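Take a look at this one; I'll ask things after.
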Amino acid sequence: MKRITSNFLKKASYPNLETFSSSAVPHRGMEVYRESPFSRFCRAYKSIYKWCSMEKLIRDIVLYLDRNLSLSQDQREIAEYALYNMLITSGTALGVLVIGSLAGVLPEAVMALVTGAVFRWSTGGAHLHKPYRCMIISISIPLIMAYISRISRGLWGLMGAKLMGAYMAGSSQGAMLLGLVIILFVLSFVIIRLYAPAETENKPISPGQRARIRTWAYLTLLAWAAIMVIMSFFYTGGGMTLVIASCLGLTWQMLSVTPVGYSILSRVDGVFDALEMSFGRRRNR
């Protein structure tokens with residue numbers, strides 16, 4: 001049997017056969033079609049996109065409610081917004097719980113997620129253009145921060161031993177955590193004063209609402225600082241990773257309120273757009 005080349009595969013008409021940059025190699029007397037790594041990545045990305053694309057699901061649910069309840073235009077918009085937030089929140093929480101448990105960083109991941117979510121409610125921030133992108137980033141960030149907090153635990157212990165000696169390492173770790181909390185509190189206070197609550201084109205904020213939401217942001221920051229101060233002194237050792245994870249969660253949320261955060265997420269949107277365009281071109285070949 002003659003070897004079938006990649007060019008022949010591209011020209012041949014095989015139903016439902018995607019030939020991105022493939023090759024065929026002989027195996028036990030027969031030809032085997034083998035996808036390239038990029039082809040497998042594109043196929044996985046397409047599956048994730050279909051699974052996470054919730055616009056059609058939300059529209060179908062709203063249409064079902066409209067047919068049965070005769071919703072007005074305002075009620076349809078409210079229902080669509082509520083469903084969007086419910087699906088994003090539940091999907092993100094489920095993803096963090098499952099992946100965090102499998103990766104062994106569940107407490108830190110949940111701490112970072114909860115901290116970011118609480119401040120997100122009162123400070124707003126940049127959004128990605130599609131729901132599935134928001135879900136992917138919202139799941140990835142707490143997991144990354146959980147790993148960073150685990151890695152930094154050894155560094156903090158080493159720094160504490162160097163500064164105060166082996167017998168006072170626990171106290172010095174608490175003092176360093178307290179210093180981190182104070183610095184982050186001051187920076188967050190300034191960011192809230194300058195930028196919060198940050199609005200988007202889909203969620204404008206009136207001047208009256210801005211003052212009220214900003215007050216809640218200040219109160220939330222004070223409550224967070226009080227909890228972190230207590231944890232800094234009573235949860236040294238293994239518990240210090242929870243404090244670090246919470247600080248990292250607050251840092252990311254404060255960054256998303258600033259122009260720098262908007263620029264970063266805009267570039268992330270560009271990366272997703274490029275992936276979708278590349279996948280579409282290769283699929284249509």
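Could you say which residue among 100, 104 is modelled with pLDDT of 85 or more and touching a helix residue (DSSP H, G or I) at 6+ places or on another chain (Cβ under 8 Å)?
One residue alone meets the criteria, 100.
Related question: Can you find a residue that is among the aromatic types (Phe, Trp, Tyr) and modelled with pLDDT under 85 anywhere in region 137-151?
No: region 137-151 contains no residue that is among the aromatic types (Phe, Trp, Tyr) and modelled with pLDDT under 85.
Determine, yes or no, whether residue 118 is surrounded by fewer than 16 Cβ atoms within 10 Å (Cβ to Cβ) and at pLDDT 90 or above.
no
What residue, among those in region 182-198 that are of a type in the set (A, V, I, L, M, F, W, C) and within 23 Å of the chain's Cα centre (by Cα), is modelled with the lowest pLDDT?
198
Right, another one. Any residue in region 85-95 that is among the aliphatic types (A, V, I, L, M), over 24 Å from residue 266 (Cα atoms), modelled with pLDDT of 85 or more and more than 11 Å from the chain's Cα centre (by Cα)?
Yes - at least one qualifying residue is present in region 85-95.
Shifting gears a bit: Condition first: surrounded by 12 or more Cβ atoms within 10 Å (Cβ to Cβ), among the hydrophobic types (A, V, I, L, M, F, W, C), modelled with pLDDT of 80 or more and in contact with a Pro (Cβ under 9 Å, 6 or more places away or on another chain). Can you find one or more residues in region 46-55 that meet it?
No, there is no match, as no residue in region 46-55 is surrounded by 12 or more Cβ atoms within 10 Å (Cβ to Cβ), among the hydrophobic types (A, V, I, L, M, F, W, C), modelled with pLDDT of 80 or more and in contact with a Pro (Cβ under 9 Å, 6 or more places away or on another chain).
For region 115-136, give me each residue that is of a type in the set (A, V, I, L, M, F, W, C), under 24 Å from residue 184 (Cβ atoms) and assigned to a helix (DSSP H, G or I).
If the condition is that a residue be of a type in the set (A, V, I, L, M, F, W, C), under 24 Å from residue 184 (Cβ atoms) and assigned to a helix (DSSP H, G or I), then 117, 118, 119, 121 are the ones that fit.
Has region 162-177 got at least one residue that is at pLDDT 80 or above and either in a helix (DSSP H, G or I) or buried (at least 19 other Cβ atoms within 10 Å of the Cβ) (or both)?
So far as region 162-177 goes, yes, one or more of its residues are at pLDDT 80 or above and either in a helix (DSSP H, G or I) or buried (at least 19 other Cβ atoms within 10 Å of the Cβ) (or both).
Hey, can you tell me all the residues within region 253-264 that are under 23 Å from residue 108 (Cβ atoms) and out of contact with any helix residue (DSSP H, G or I) (no Cβ under 6 Å at 6 or more places or on another chain)?
256, 264
Something else now. If you go through region 199-218 one residue at a time, do you hit one that is hydroxyl-bearing (Ser, Thr, Tyr), closer than 30 Å to residue 106 by Cα, at pLDDT 90 or above and in a helix (DSSP H, G or I)?
Yes, region 199-218 has at least one match.
Specify which of the listed residues (263, 256, 232) is in a helix (DSSP H, G or I), modelled with pLDDT under 95 and more than 27 Å from residue 153 (Cβ to Cβ).
The unique qualifying residue is 263.
The values are calculated or read from the model by the stated rules, or taken from the named source; none is laboratory data. Just so it is clear, the structure is predicted and the values come from calculations on it, not from any experiment. Positions of Cβ are generated from backbone atoms using ideal geometry, with glycine treated the same way; all protein chains shown enter the neighbour counts.
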